[in-house]
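As structure tokens, the structure follows; a few thoughts come after it.
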Amino acid sequence: MIDGSQSISAIRGQFLDVADIVDCPSKLEEKVRHLEDGLLLLRNGRIEWFGEWEEGRQKVPASCPIHNYPDKLIVPGFVDTHIHFPQAEIVGAYGEQLLEWLDNYAFPAEKQYKDEAYATKMAGFFIDQLLRNGTTTASVFCTVHPESVEALFSAAEKINMRIIAGKVMMDRNAPDYLLDTPETAYTESKQLIEKWHKRGRLLYAITPRFAPTSTAEQLEMAGKLRQAFPDTYVQTHLSENQDEIDWVKELFPQRSNYLDVYHHHGLTGSRSIFAHCIHLQEKEWECLHNTDSAIAFCPTSNLFLGSGLFNLSHAWDKKMNVGMATDIGGGTSFNMLQTLSEAYKVMQLQKQNFSAYEAFYLATLGGAKALSLDHVIGNFSIGKEADFVVLDPAATVLQAKRSEKSKNVADLLFSLIILGDDRSIFHTYVDGRLVHKRDN
């Protein structure tokens, strides 16, 4: 492990990233950077230099250790744009569609997080699962309990991990033990913002769970929070399930569509992330684009809960900000490679292409852009924060055999996406330090 007292370190190996933001998949290949033998110089958690080994080797101080990964693939850390911290323990709970699944599994699990000791224990487990799957940045739902937010931020702060998170706001249509009020949601969220937002690499997200579990009064309070703290995030759910959409129409008959419920209360905009967005009306697509809001694409969850197929091609056409998301625990894996594999199948079912580079972009720089963090994470550009993952293309016998047959780096990447899992994550670095090593 890199000694935290060292101000500079060097990583040598095969690197792959996307150098710049694109607005359509056809432009991706020209932005891909692939160095077969590259050098990454790190100083105090930032990228000081990146380029070919032969060009940069003289820049490495004599006393600086060189961490060499000759048979691996080094990529930017994965960005998960939507995940639920308290649902890690109910992944794979059998059956149900969205609304029934919430009642039978999600809500009972979240009850436990009022207990500070339990929340602290599970926060450590959750962070460990992210790291062993190569996720270095995530936008996270906690529970209605402030204790859950405190626990998660405290765990992330120990390794200076970039996490966006917030206390869930719910004042109706959920069990009594999970309800707050418009006033307590505002007060508790404000206290958490003042304590944690922009503390190190931590960021706060105002988090109404979804429209059916908040009254108009609570959504108004959420909007007031956003006005009072305009550089915070907003995260919620949108148009995941048809029954959910019908329910929103009943609860908010005065609003023109589901998204308008949020937009009316000032909850759209830059740093607003809407998960799912499967069944959008054309006016909702336009509003998301015009407000610079972002979408979290959650393929494993959408398939597991039978919610539908996200139209990524239409999102590209609309110049939308889209990032990948595991959506644990409706989602079925913390692993971004497995999530991308399911995204490929979602696209196939719609007769749409989904290249390895497109998948890779959405899980790294595209995800960073969706979270308005592309200026600090997402690729190996000089000055950015040093979060990255060392992938092992030969993690299993099958992967090793398949990698031998790879025609080029795109083919190798695609095989990792289709066959990879947590065994493919050899090392994970956060803030320039090694924070996870594969068990074997």
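Applying the selection to region 415-425, what residues are surrounded by fewer than 21 Cβ atoms within 10 Å (Cβ to Cβ) and within 21 Å of L35 (Cα to Cα)?
Scanning region 415-425 gives a single hit, S415.
Only one residue in N160, N241 is of a type outside the set (A, V, I, L, M, F, W, C), on the phi > 0 side of the Ramachandran plot, out of contact with any Phe, Trp or Tyr (no Cβ under 8 Å at 6 or more places or on another chain) and in contact (Cβ under 8 Å) with a residue 40 or more places away in the chain. Which one?
N160
Under 9 Å between Cβ atoms, at least 6 apart or on separate chains: pull out the pairs that start in region 250-275 with a residue that is under 30 Å from H375 (Cα atoms) and touching a residue at least 60 places away in the same chain (Cβ under 8 Å) and end on any residue that is of a type in the set (D, E) and surrounded by fewer than 24 Cβ atoms within 10 Å (Cβ to Cβ).
Filtered contacts from region 250-275: S270/D292; R271/D231; R271/D292.
Please state which of the following conditions L99 fails to meet, knowing it meets all the rest: (1) surrounded by 15 or more Cβ atoms within 10 Å (Cβ to Cβ); (2) modelled with pLDDT of 95 or more.
Just one mismatch for L99, condition (2).
Looking only at region 271-309, which residues are assigned to a loop (DSSP other than H, G, I, E, B), within 21 Å of F141 (Cα to Cα) and not charged (D, E, K, R)?
If the condition is that a residue be assigned to a loop (DSSP other than H, G, I, E, B), within 21 Å of F141 (Cα to Cα) and not charged (D, E, K, R), then C277, I278, S293, C298, L305, S307 are the ones that fit.
Anything in region 23-46 that is of a type in the set (A, V, I, L, M, F, W, C), under 24 Å from E358 (Cβ atoms) and in contact with a Gly (Cβ under 8 Å, 6 or more places away or on another chain)? List them, or say none.
Within region 23-46, L35 is the sole residue that qualifies.
Restricting to region 15-51, and then to whatever is in contact with a Leu (Cβ under 6 Å, 6 or more places away or on another chain) and farther than 30 Å from L312 by Cα, can you tell me which residue is surrounded by the fewest Cβ atoms within 10 Å (Cβ to Cβ)?
Once the filter is applied, the top-ranked residue is W49.
From the residues in region 113-122 that are surrounded by fewer than 22 Cβ atoms within 10 Å (Cβ to Cβ) and touching a residue at least 24 places away in the same chain (Cβ under 8 Å), which one is nearest to N173 (Cα to Cα)?
K114
Within region 393-413, how many residues turn out to be outside any loop (DSSP other than H, G, I, E, B) and of a type in the set (S, T, Y)?
The initial filter retains those residues of region 393-413 that are outside any loop (DSSP other than H, G, I, E, B), namely 397-404, 409-413.
Within this subset, residues satisfying the condition of being of a type in the set (S, T, Y) are 403.
The total comes to 1.
Among what's in region 346-373 and is part of a loop (DSSP other than H, G, I, E, B) and within 13 Å of the chain's Cα centre (by Cα), pick the residue that is surrounded by the fewest Cβ atoms within 10 Å (Cβ to Cβ). First the steps, then the outcome.
Narrowing region 346-373 to residues part of a loop (DSSP other than H, G, I, E, B): 350-355, 364, 371-373.
Keeping just the survivors that are within 13 Å of the chain's Cα centre (by Cα) gives 364, 371-373.
Working: T364: 30, L371: 28, S372: 19, L373: 23.
In this case the residue turns out to be S372.
Could we say that L203 is assigned by TED's automatic domain parsing to the domain that holds H84 and buried (at least 24 other Cβ atoms within 10 Å of the Cβ) here? Let's see the steps before the verdict.
On the way: assigned by TED's automatic domain parsing to the domain that holds H84: yes; buried (at least 24 other Cβ atoms within 10 Å of the Cβ): yes.
Answer is yes for this residue.
Within region 128-148, which residues are over 17 Å from the mean Cα position of the chain (by Cα) and in a helix (DSSP H, G or I)? Full working, then the answer.
Of all residues in region 128-148, those over 17 Å from the mean Cα position of the chain (by Cα) come to 143-148.
Selection gives P146, E147, S148.
So I245 ticks every box in (1) crowded, with 18+ Cβ neighbours inside 10 Å; (2) among the hydrophobic types (A, V, I, L, M, F, W, C); (3) under 25 Å from S355 (Cβ atoms) but one. Which box is left unticked?
(3)
Of the numbered conditions (1) within 24 Å of P175 (Cα to Cα); (2) touching a Phe, Trp or Tyr at 6+ places or on another chain (Cβ under 7 Å), A151 fails exactly one; give the number of that condition.
(2)
Just one of P230, P212, P253 is out of contact with any strand residue (DSSP E or B) (no Cβ under 9 Å at 6 or more places or on another chain) and either of a type in the set (V, I, T) or not in a loop (DSSP other than H, G, I, E, B) (or both); which is it?
Among P230, P212, P253, only P212 is out of contact with any strand residue (DSSP E or B) (no Cβ under 9 Å at 6 or more places or on another chain) and either of a type in the set (V, I, T) or not in a loop (DSSP other than H, G, I, E, B) (or both).
Just to check your reading of the model, which residue among E54, E110 is out of contact with any Gly (no Cβ under 8 Å at 6 or more places or on another chain), surrounded by 21 or more Cβ atoms within 10 Å (Cβ to Cβ), among the charged types (D, E, K, R) and part of a helix (DSSP H, G or I)?
E110
Which residue is surrounded by the fewest Cβ atoms within 10 Å (Cβ to Cβ), if the candidates are limited to region 185-200 and must be part of a helix (DSSP H, G or I) and of a type in the set (D, E, K, R)?
Here the answer is E194.
Within region 342-374, can you find the residues that are in contact (Cβ under 8 Å) with a residue 40 or more places away in the chain, among the basic types (K, R) and under 21 Å from G308 (Cβ atoms)?
Of everything in region 342-374, just one residue is in contact (Cβ under 8 Å) with a residue 40 or more places away in the chain, among the basic types (K, R) and under 21 Å from G308 (Cβ atoms), namely K345.
Assuming F125 fulfils every condition listed in (1) part of a helix (DSSP H, G or I); (2) buried (at least 19 other Cβ atoms within 10 Å of the Cβ) apart from one, which condition is it?
(2)
Take the conditions assigned to a helix (DSSP H, G or I), in contact (Cβ under 8 Å) with a residue 60 or more places away in the chain and over 25 Å from T135 (Cα atoms) and apply them to W316. Does it pass?
The answer is no for W316.
List the residue pairs whose Cβ atoms are under 8 Å apart, where the first residue sits in region 99-111 and is at negative phi, the second is of a type in the set (D, E), and the two are 6 or more positions apart or on different chains.
Matching pairs, first to second residue: L99/D243; L99/E244; N104/E96; Y105/E96; A109/E89.
Test D292 against the stated conditions and say whether it is on the phi > 0 side of the Ramachandran plot and free of Cβ contacts under 8 Å to residues at least 40 places away in the same chain.
yes
The values are calculated or read from the model by the stated rules, or taken from the named source; none is laboratory data. Not measured: the values here are computed from a predicted model. With ideal geometry, Cβ positions are generated from the backbone for all residues, glycine too; neighbour counts draw on all protein chains shown.
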